[in-house]
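S.K.: Here it is, the structure in full.
The values are calculated or read from the model by the stated rules, or taken from the named source; none is laboratory data. Not measured: the values here are computed from a predicted model. Cβ atoms come from the backbone with ideal geometry, glycine included; neighbour counts cover every protein chain shown. Surface accessibility is based on the protein's heavy atoms, side chains included, excluding ligands, DNA and RNA. Shrake-Rupley method; radii C 1.70, N 1.55, O 1.52, S 1.80 Å.
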Amino acid sequence: MGKRIFNFNPGPAALPLPVLEQVREEFLDYKGTGMSITEISHRSKQFEECLNQAVERTKRLLKIGDDFHVFFVQGGATLQFCMVPMNLAIQGKPVDYINTGTWSTNAIKEAKLLGKDVRVIASSEDKNFSYIPKGFQVDKDAAYLHFTSNNTIKGTQWAEFPKTGDVPLVGDMSSDFLSRPFEVKPFGLIYAGAQKNIGPSGSAMVIIRKDMLERGSPNLPTMLRYTTFTANNSLYNTPACFVIYVVSLVLKWLEETIGGLEKMERINKEKGKMLYDFMDRSNFYRGTAAKDSRSLMNLTFRLPSEELENKFVSEASKAGLGGLKGHRSVGGCRASLYNAVGIDAVKALVEFMADYQKRNG
Ligand SMILES: *Cc1c(COP(=O)(O)O)cnc(C)c1O
């Protein structure tokens, strides 16, 4: 086997090594079936067990009960940009959004395409989405308030979620889902593309409060209706079986090896602090997000010139540190420190950065 690198990819992204090893271990013969998990029926008891485990572990990790459904929808987080307004908008009421970057912008675009009464109640677009807005008013009349908990491309993250009173929060948590504990109660719906923090690409995990299901019209196309998924335990049609299987292993790792979300958050804070502290002491690397809005998942930074940035990314890659190029829309550099990226990887990165600075600063 070739050497594994330190993987700072933004998504698809690093997965825990013990999970990958288990996948390899049982790939040809899943639990004595004589078949791979990718070869067995989605209605087999072996697969249903994976699926149910994933749901139960998610509920335990987030301390949620039977007032919420947890399910998987193909089409990634992007499909949720239209499914949310289709299913959760209410005739005669506005749908409110907070715009904190590319993904929020895309979510807003989809709601507008559907002809909903979209209001953007707060935005950080004036400063190139480098901060999380504060001091905005939440309208009690809104059908929901949509926000993006972590802005994967701009490197900002909500330290505390918006307070909405009785208005249900809807959160795109694709890039920080299960990176820290949070209170689920204010949420009507949460969604997360699996490929950032909990598994491979191809599906989103969706969590919905049961009363929100009453809003969806029965006239929606079957595959775009949340009740299709909740009434059939994600098994109306053939789901992304392999994704769900790996997600269930990642959640097991999170529960049993890491020890839950409080522990995960402690580790993520330590990782982020290590890299931000180093950048703040340096006069060579410059973080791009406002300090009070910094993300612990995607750390965005610039070097003194684009030339030095390109060289940085390419030399880092040769040194076994991959995925450090910033998103094509913003340039610069970005280190994604998702749950599966260990403290050892961050140490290696900081050492490389210090050495690179010495040679080029
Ligand atoms: C990556 C990402 C998306 C898009 O996810 P897909 O699964 O590719 O559709 C949406 N929102 C956020 C916050 C993301 O990081």
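S.K.: By a straight-distance test (C-alpha under 16 Å), which aspartates and glutamates pair with K3 as possible cross-link partners, with residues fewer than eight away in the same chain excluded?
M.R.: E21, D344
S.K.: Test of understanding: what is the full-extension gain from A354 to R119, defined as 0.36 nm times their sequence separation minus their Cα-Cα distance?
M.R.: 80.1 nm
S.K.: Using the alpha carbon gyration tensor of the chain, what are the three equivalent-ellipsoid semi-axes (square root of 5 times each eigenvalue), largest first, in whole Å?
M.R.: 33, 28, 16
S.K.: The stretch 269-296 to the stretch 65-110: how many Å between their Cα centroids?
M.R.: Here the two parts' Cα centres lie 31 Å apart.
S.K.: Charges only on Cβ, +1 for Lys and Arg, -1 for Asp and Glu: so what's the dipole of the stretch 260-360 about the Cα centre, in debye to the nearest 20?
M.R.: Here the size comes out at about 60 debye.
S.K.: When the gyration tensor of the stretch 27-171 is built from Cα positions, what are the square roots of 5 times its three eigenvalues, in whole Å, from largest to smallest?
M.R.: They are 36, 17, 16 Å, listed largest first.
S.K.: Right, something else. For the stretch 239-361: lysine pairs with Cα atoms under 13 Å, gap of 8 or more or different chains, count?
M.R.: 5
S.K.: Comparing L51, L145, L308, which has the greatest mean-square fluctuation in the GNM of the chain with Cα pairs linked when under 10 Å apart?
M.R.: The residue with the greatest mean-square fluctuation here is L308.
S.K.: Compare P18, P168, P221 in a GNM of the chain, Cα atoms joined below 10 Å, and give the one with the largest fluctuation.
M.R.: P221
S.K.: Can you give the direction-averaged projected area of the convex hull of the alpha-carbon atoms in the stretch 260-360, in nm²?
M.R.: 6.4 nm²
S.K.: Suppose every Lys and Arg Cβ carries +1 and every Asp and Glu Cβ carries -1, with no other charges. What dipole size does the chain come out with about its Cα centre, to the nearest 20 debye?
M.R.: Charge dipole of the chain: 600 debye, to the nearest 20.
S.K.: Under 5 Å between amide hydrogens, which residues at least 5 positions from H146 or on another chain qualify, with H placed 1.01 Å from N in the peptide plane?
M.R.: Answer set, sorted by chain and number: D96, Y97, I98, V170.
S.K.: OK, next. Can you compute the FRET efficiency between K93 and S201 using 1/(1 + (r/R0)^6), with r the Cβ-Cβ distance and R0 = 35 Å? Round to the nearest 0.05.
M.R.: Step by step, r from the Cβ atoms, then E = 0.55.
S.K.: For the stretch 165-249, report the translational diffusion coefficient in µm²/s to the nearest whole number, using Stokes-Einstein at 4 °C, 1.567 mPa s, and a Kirkwood Rh over Cα pairs.
M.R.: Reported coefficient: 92 µm²/s.
S.K.: Along the positive direction of the dipole of the chain (beta-carbon charges: Lys, Arg +1; Asp, Glu -1; about the Cα centre), which of N9, A319, A143 reaches farthest?
M.R.: The Cα lying farthest towards the positive end belongs to A319.
S.K.: Put +1 on the Cβ of every Lys and Arg and -1 on every Asp and Glu Cβ in the chain; which of A107, F187, L254 then has its Cα farthest towards the positive end of the dipole?
M.R.: Ranked along the dipole, the leading option is A107.
S.K.: Also, I was wondering about something else. Could you work out [θ]222 nm for the chain from helices alone, using -39500 (n - 2.57) per DSSP H run of at least four and dividing by all its residues? Round to the nearest 500 deg cm²/dmol.
M.R.: After summing the helix terms and dividing by residue count, I get -11000 deg cm²/dmol.
S.K.: Just V330, V246, V170 to compare: in a GNM of the chain, with alpha carbon springs under 10 Å, which one fluctuates most?
M.R.: Per the Cα network of the chain with a 10 Å cutoff, V330 tops the list.
S.K.: With unit charges on the beta carbons (Lys and Arg positive, Asp and Glu negative) and the dipole taken about the Cα centre of the chain, which residue among V84, G342, P200 sits farthest to the positive side?
M.R.: Sorting the options by dipole projection puts first G342.
S.K.: Using the Cα gyration tensor of the stretch 54-94, with a ≥ b ≥ c the square roots of its eigenvalues, what is the shape: rounded (a/c below 1.5), prolate (a/b larger than b/c) or oblate (neither)?
M.R.: Because a/c hits 1.5 or more and a/b fails to exceed b/c, the stretch 54-94 counts as oblate.
S.K.: Next question. By accessible area of protein heavy atoms, probe 1.4 Å, what ranking do M35, M212, M274 get, highest first?
M.R.: Listed by decreasing accessible area, they come as M35, M274, M212.
S.K.: Which value in Å does the Kirkwood hydrodynamic radius of the stretch 284-340 take, with 1/r averaged over all unlike C-alpha pairs and then inverted?
M.R.: Here the Kirkwood hydrodynamic radius works out to 11.8 Å.
S.K.: Moving on to the next point. What whole-number value in Å² describes the accessible area per residue of the stretch 260-360 for a 1.4 Å probe?
M.R.: Solvent-accessible surface per residue comes out at 47 Å².
S.K.: Next question, about the same structure. Any chance you could check the Cα centroid distance between the stretch 214-252 and the stretch 26-53 for me, in angstrom?
M.R.: 18 Å
S.K.: Let me ask something else about it. By Kyte-Doolittle mean hydropathy of at least 0.0 and Cα axial length of at least 15 Å, which whole DSSP H helices of the chain are selected?
M.R.: For the chain, where a helix must reach 15 Å along its axis and average at least 0.0, the hits are 76-88, 241-252.
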